[in-house]
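The values are calculated or read from the model by the stated rules, or taken from the named source; none is laboratory data. Fair warning: this is a prediction, and the values are worked out from it, not measured in the lab. Counting neighbours? That spans all protein chains shown, and the Cβs are built from the backbone with ideal geometry, glycine included. Accessible surface areas use protein heavy atoms only, side chains included; no ligands, DNA or RNA. Shrake-Rupley method; radii C 1.70, N 1.55, O 1.52, S 1.80 Å.
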Amino acid sequence: MSEERKILVEEVESVAKPPLAKVDDAVDDKPEPVVAPSPYEAESDAAKLGRKKDYLEGFLAQQPTEAPSGEAGGDLYEAVVDTLKSIYDPEIPVNIYDLGLIYGVKITPDNHAIVTMTLTTPHCPVAESMPGEIELQVGSVPGVGHSEVNLVWDPPWDPGKMSDEAKLELGML
């Protein structure tokens with residue numbers, strides 16, 4: 001007693017494309033008066049749609065604040081990071097910043113740069129020369145008064161500290 005099922009197929013020449021949604025279509029120019037909901041009921045969808053389209057106007061009119069020079073996003077801080085990105089590990093073709101060797105960059109109020117870093121291993125062949133080279137190059141950034149490099153071993157470096165760009169460069173992604 002098997003019942004046979006058939007699929008009906010209708011051939012058509014073309015199908016009209018649906019209209020594209022537009023913001024103007026979603027919000028009415030003359031919204032209904034918005035009544036504040038009581039504390040016991042949530043705002044209705046109709047009340048939410050009744051808001052004016054320009055409710056973000058104040059937010060969009062704000063200008064971004066300028067980051068202080070010594071903080072992330074500031075000119076001096078970014079110049080130091082750019083300098084660190086120009087220094088490459090001699091054994092690995094990736095810069096020391098993307099390699100994850102730089103743990104911190106601090107710019108003091110009197111424009112001294114303090115770089116906290118590690119190396120891939122304490123037995124690294126450049127363990128003696130790399131911190132000095134970094135100190136010289138960071139100290140040569142215009143605006144930096146003095147530079148200092150603090151070499152730390154805790155936490156130890158591992159490949160998880162590398163940026164995605166470094167992992168891609170080394171074929172690890």
List the residue pairs whose Cβ atoms are under 7 Å apart, where the first residue sits in the stretch 156-173 and is touching a residue at least 40 places away in the same chain (Cβ under 8 Å), the second is of a type in the set (S, T, N, Q), and the two are 6 or more positions apart or on different chains. Trp157/Thr118; Trp157/Thr120
Given the conditions (1) loosely packed, with under 12 Cβ neighbours inside 10 Å; (2) closer than 26 Å to Glu78 by Cβ, report the number of the one that Val126 does not fulfil. (1)
Exactly one of (1) open to solvent by less than 30 Å² (accessible area, probe 1.4 Å); (2) in a strand (DSSP E or B); (3) among the hydrophobic types (A, V, I, L, M, F, W, C) is unmet by Ile114. Its number? (1)
Tell me yes or no: at least one residue of the stretch 79-101 is open to solvent by 50 Å² or more (accessible area, probe 1.4 Å) and modelled with pLDDT under 85. yes
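Residue-by-condition table, conditions (1) open to solvent by less than 30 Å² (accessible area, probe 1.4 Å); (2) of a type in the set (S, T, N, Q); (3) modelled with pLDDT under 90:
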site	(1), (2), (3)
Leu136	no, no, no
Val144	yes, no, no
Ser147	yes, yes, no
Met172	no, no, yes
Residues being part of a strand (DSSP E or B) and open to solvent by 40 Å² or more (accessible area, probe 1.4 Å) - total across the stretch 102-111: 2
For the stretch 156-166, indicate whether the set of residues that are of a type in the set (Asp, Glu), open to solvent by 80 Å² or more (accessible area, probe 1.4 Å) and within 25 Å of Glu71 (Cβ to Cβ) is non-empty. yes
